Amino acid sequence: MPHHPRSRNLRRTLLSRAAVCIGLWALVAHMSGAADGDYLSRCTLYSDGRVTRLTAMPARVRLGPMPSGVASERYDEAFREAARLWSEATDGVVRCVFVAAGEPEASVDIPVRWVTKLSTFSTENRLAHTTLARPTPDTFRVSMQMGLYNRQSGKRLTYDEMLTAALHELGHAFGLWGHSDDGDDVMAAASEARRPTARDVATLRRLYDLPPNAPMHAESLVAIQAQLADRPNNGNLHFLLGSILLDSGDPDAAIRALLEAAELDPEHPGVADKLILAYLAAGRTGEAVARMERLGESGPEFYNNAGKALADQGETAQAIAAFENALRIKPDFGMARRNLARVYAREGAGRAEAQDYAGAEAALREATRLAPEETSYGIQLAVALNRLGRDAEAAEVYETVLARDATLAEVRSNLAKTYSNLAVGRIAANDWEGALADIDRALSHDPELAAAAANRKAAMWNWAVSTQETDPARSLSLFQAYLEIAPSAEAHASIGAIYMKHRDYARAADAFRAGAALDESPSSLADLAAAHHQHGVQMHRAGRYGDAVEQLEQAADATPNNVDLYRSLGVAHRAAGHAEEAVAAFREALRREPGLEWAVEEIAKVSMVAGNEALRKRDYPAALAHFEAIPAARRDAQIHGVIGFLYLETGDVAKSVDNLGLALLASPDDPTSRQNLDYCLKEIKKIRRDDDSPVWGHVLQRLEAFRLASVIARKGRKVDVTRFEELLLGAADDRTTVEAILAAASAIVASIEPQLPDAAGRIAAAAAARAPRPPREEDTVEPRIEGSSPP
């Protein structure tokens, strides 16, 4: 048999305009002489030569209500018994479960209606009939009508007659679409069997051993040819032959058979449509279209089937026209509407693949308009809109799809990405609020979408930065919200900067501290110190010196090398009456940066004030401590005199001598220091009565040196100069004594040089000889650690 190269692809979409109706005739004769085995080939010739059976058991059967005013006569019971007999005979190969009358059509395999008059084949004496229809290429639908009257006698069927009819119609519904050639079988055209025969069972078993849709063209053709040999002028047999040939992939032979059928039976309900489909399968589109036009508006089903065939041939424009004709005739023709939508969807997919996204959009919009329930069309349309950069429209389409089916994970993912992309555009346009709204939508659909999370941070950050000057309150709230999703030292720093600008230094410090905890960089610590510093200054100005000290100490802890902080801290301590702490702060600044004049000056001021206050209270030890804190560079004759006096009052005569002597060197005419020094001389003499330590001799040498320097400065007598020269040469080698005598020598040289230059020169030379020398390099010795071993 010839095989047309395009016909195989068409097989699944060529559907007859008329459904196949097969039923049980009232018994008119008993058939005999049938063949052994099975009669499956006589069944498949009614289903295009293919196995057409149920794919799941048990079959779900829904028995409808009896017509109004008609008694049941146990017909339901007869039908259920028929189902039981089939299940029993086949050992459960086929079996039924009966569902409630209100069960939805989509979940029912075999819907049964009780009727007083069959809706088709009115000239035939049928008791019932079962219809096979194919709504899509790969699915079929069964429906059954059970007549309640014998049309020849006009009498109600008996229980046994209904049992026979139910057995026969269930056989059709299970997949035995033809009739047995043995009158004893349940599936004989006119049967009175009360249970399935062995041949019925063998046929059904063989049917269910084959996969659904399995081709049986060869056997079906043999069976149909045998029947044609007996009835060559039967138009329906020629129609069935053409249908089998078309499905087997021989459209040219199918055309010849169908033309014969049309000639024999011009009124056959399926020939015209099937013939057009055969022409399309053979690639003879012009003849198919011509026949369609001749048929005119003969039926929307025809246009629907022709449109599917044209679409399968790639004749998109003609397919669209055919489907539109079907819908023009029957606007509520759902199948044609869905098929037209498929054509547009296929067109849209092709254009999208060719990157013609504008064309794809136009086609897919038509597809979604025609079949809004088909979510795949909406998905394709949204993707095309994405490609066109029209993300807002794409998002609307995705939302519509999800409203129909919220379980579509891929759609949620695409929608999330679309909203994230929209946010990017809004960020670029500085529409921060809109960007964040889109990002929230994105994350509501895909909480794990990294791009959306990153865009949220970018939008929130940029919005916060952009409003720092114009709307600091909003900026602050945005930075705080940013921290909830992304810990950031920089965000904390920005928050701190806003608080600093508004002089809320406490909150600023908290923010900077949090930032430093994340990134202890020099800049973060400097910010923290600045906040505490300003807070401390604020507290100082408010008279809250203790709080000021606390803040300034924290500032210094944050940046210990910032000497200015110690100045503020010392001033705060001074204001709080903490002289020692103030001096300690100034000294710390001086330690970290030697030579700071302000630090020296501050120490002197604080110590002077505190020392005088202690003197006023006659707290001489405290006064001495304060005056001793005054740096040497800031001690004048008066301060040395006071220190000398305080040492005298506290019983340290030696240090009293040293300080009183320095007072005299600075101010030779100071009578108080001379008097106090004379008092020291008396005290030393008393001490030496009980203490012959050479130390006191050294102290006396220092005292004498200071006294002689004062006398020489005041009187300039040579005898005093000579006495000092002798003292200088004979002075002890005690370091303190040598330093004191050298200081006196320096003062004497300065005072007598104009009048006694020779004497001044001798004293200077002698002083230089007594001055300590730095150790020579060859005199240095490497330190040695006890107990260590040489390397």
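A few remarks follow.
- For the stretch 279-291, the candidate set comprises residues that are closer than 17 Å to Leu246 by Cβ and not in a loop (DSSP other than H, G, I, E, B); within that set, the residue that is modelled with the highest pLDDT is Tyr279.
- Considered as a group, the residues in the stretch 179-199 that are out of contact with any strand residue (DSSP E or B) (no Cβ under 9 Å at 6 or more places or on another chain) and closer than 20 Å to Phe79 by Cβ include one that is surrounded by the most Cβ atoms within 10 Å (Cβ to Cβ), and that residue is Asp185.
- Total residues in the stretch 542-588, condition out of contact with any His (no Cβ under 6 Å at 6 or more places or on another chain) and either polar (S, T, N, Q) or not in a helix (DSSP H, G or I) (or both): 11
- Taken as a whole, the condition of being surrounded by fewer than 19 Cβ atoms within 10 Å (Cβ to Cβ), modelled with pLDDT of 95 or more, farther than 21 Å from Thr130 by Cα and of a type outside the set (Val, Ile, Thr) applies to Ala202.
- Hey, Ala82 touching an Asp or Glu at 6+ places or on another chain (Cβ under 8 Å) and either within 17 Å of Thr164 (Cβ to Cβ) or crowded, with 19+ Cβ neighbours inside 10 Å (or both) or not: no
- Residue match in the stretch 223-230 (condition: in contact with a helix residue (DSSP H, G or I) (Cβ under 8 Å, 6 or more places away or on another chain), under 26 Å from Tyr303 (Cβ atoms) and buried (at least 23 other Cβ atoms within 10 Å of the Cβ)): no
- Residue in the stretch 97-118 that is assigned by TED's automatic domain parsing to the domain that holds Gly154, at pLDDT below 85, in contact with a Gly (Cβ under 6 Å, 6 or more places away or on another chain) and assigned to a loop (DSSP other than H, G, I, E, B) present: yes
- The helices (runs of 4 or more DSSP H) located wholly in the stretch 446-508 that include 3 or more residues which are under 30 Å from Arg541 (Cα atoms) occupy 472-485, 489-501.
- Candidate set: the stretch 306-315, residues that are assigned to a helix (DSSP H, G or I) and within 14 Å of Val289 (Cβ to Cβ); chosen: the one farthest from the chain's Cα centre (by Cα): Ala306
- If you go through the stretch 450-468 and keep only what is buried (at least 20 other Cβ atoms within 10 Å of the Cβ) and of a type in the set (A, V, I, L, M), you end up with Ala452, Ala459, Met460, Ala464.
- Selected residue (criterion: surrounded by the fewest Cβ atoms within 10 Å (Cβ to Cβ)) from residues of the stretch 332-371 that are touching a helix residue (DSSP H, G or I) at 6+ places or on another chain (Cβ under 7 Å) and outside any helix (DSSP H, G or I): Phe333
Yes/no per residue for (1) modelled with pLDDT under 95; (2) hydrophobic (A, V, I, L, M, F, W, C); (3) within 26 Å of Leu478 (Cβ to Cβ):
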| position | (1), (2), (3) |
| --- | --- |
| Ile379 | yes, yes, no |
| Ala382 | yes, yes, no |
| Asp391 | yes, no, yes |
| Ala403 | yes, yes, no |
| Asn414 | yes, no, no |
| Leu422 | yes, yes, yes |
| Arg426 | yes, no, yes |
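- Close pairs from the stretch 57-75: first touching a residue at least 24 places away in the same chain (Cβ under 8 Å), partner of a type in the set (D, E, K, R) and loosely packed, with under 14 Cβ neighbours inside 10 Å, Cβ under 9 Å, at least 6 apart: Arg62/Glu105
- Out of Leu167, Leu176, sole residue that is closer than 14 Å to Ala78 by Cβ, crowded, with 20+ Cβ neighbours inside 10 Å and of a type outside the set (Ser, Thr, Tyr): Leu167
- Those helices (runs of 4 or more DSSP H) lying entirely in the stretch 647-751 with at least 3 residues among the acidic types (Asp, Glu) and under 24 Å from Ala764 (Cα atoms): 718-730
- Residue among Glu704, Glu725 that is modelled with pLDDT of 90 or more and not basic (Lys, Arg): Glu704
- Among the residues of the stretch 648-682, the one identified as of a type in the set (D, E, K, R), touching a Gly at 6+ places or on another chain (Cβ under 9 Å) and within 20 Å of Arg618 (Cβ to Cβ) is Lys655.
- Test: residue in the stretch 372-388 that is of a type in the set (Gly, Ala, Ser), surrounded by 18 or more Cβ atoms within 10 Å (Cβ to Cβ), without any contact (Cβ under 8 Å) to a residue 40 or more places away in the chain and touching a Pro at 6+ places or on another chain (Cβ under 8 Å): yes
The values are calculated or read from the model by the stated rules, or taken from the named source; none is laboratory data. Remember, predicted model here, so these are calculated numbers, not experimental data. Because the Cβ atoms are built from the backbone with ideal geometry, glycine has one as well, and the counts that use them run over all protein chains shown.
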